[in-house]
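Student: This structure is in structure tokens; I'll ask about it shortly.
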Amino acid sequence: MEHDNPEADRGNRIREIWPSVARVPAVANLGKLLTNTIVLAPLGWLIMAGVYFGKVLPFLAVRYRLTDKRIMILRGWKGTIGQQVPLTDIDDVQLDPASIDNFFRSADLKIMHDGNVAMTLKAVPDAEAFRHAIIDARNAWVKVKQLPFIPASATK
């Protein structure tokens with residue numbers, strides 16, 4: 001029964017991603033710096049591994065879920081909603097050029113509503129593809145305002 005399932009209220013999952021290590025800039029920058037050396041690269045990997053695997057720990061877990069109803073930031077193992085924006089409220093999704101990180105292949109996405117940033121998704125891996133997924137979901141699942149029908153006989 002759908003009303004017994006709290007997941008059903010969130011919508012049908014389209015895509016879910018976990019942020020990259022770039023979500024913690026201090027660790028990401030130190031890790032990148034250390035991996036540029038031969039001797040200290042293993043230390044850099046070890047430092048970044050803490051953040052990488054920390055994203056699945058019960059209290060630190062963070063992920064971004066796109067459904068047919070909304071985009072959400074989920075926290076913890078149970079996926080408690082930290083923040084959400086309904087697809088109907090999304091005007092645009094912008095990739096923040098200042099946040100592009102070629103090392104981690106990630107960037108921040110800004111969810112726009114009425115000219116303001118409604119939500120920011122930090123360190124999204126393959127950000128441009130996820131941006132398109134959000135826009136496509138909005139276009140597919142939200143009823144777009146339709147222009148009035150004008151029959152051909154009315155135009156001359």
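Student: Return a yes/no flag: does segment 69-81 have any residue that is over 23 Å from Gly31 (Cβ atoms), at pLDDT below 90, among the β-branched types (Val, Ile, Thr) and outside any loop (DSSP other than H, G, I, E, B).
Tutor: Yes, some residue in segment 69-81 is over 23 Å from Gly31 (Cβ atoms), at pLDDT below 90, among the β-branched types (Val, Ile, Thr) and outside any loop (DSSP other than H, G, I, E, B).
Student: Give me a count of the residues in segment 50-59 that are among the aliphatic types (A, V, I, L, M) and surrounded by 13 or more Cβ atoms within 10 Å (Cβ to Cβ).
Tutor: Of the residues in that region, 1 qualify.
Results for (1) surrounded by 15 or more Cβ atoms within 10 Å (Cβ to Cβ); (2) in contact (Cβ under 8 Å) with a residue 12 or more places away in the chain; (3) of a type in the set (A, V, I, L, M), shown as yes or no for each residue.
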site	(1), (2), (3)
Asp89	yes, yes, no
Ser99	yes, yes, no
Ser106	yes, yes, no
Ile111	yes, yes, yes
Lys122	yes, yes, no
Ala129	no, no, yes
His132	no, no, no
Ile135	no, yes, yes
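Student: Have a look at Arg70, Arg65, Arg75 and point out the one that is touching a strand residue (DSSP E or B) at 6+ places or on another chain (Cβ under 8 Å), basic (Lys, Arg) and free of Cβ contacts under 8 Å to residues at least 24 places away in the same chain.
Tutor: Being touching a strand residue (DSSP E or B) at 6+ places or on another chain (Cβ under 8 Å), basic (Lys, Arg) and free of Cβ contacts under 8 Å to residues at least 24 places away in the same chain holds for just one of Arg70, Arg65, Arg75, which is Arg75.
The values are calculated or read from the model by the stated rules, or taken from the named source; none is laboratory data. Just so we're clear, the structure is a prediction, and the values are computed from it rather than from any experiment. Glycine also receives a Cβ, built like all others from the backbone with ideal geometry; neighbour counts cover every protein chain displayed.
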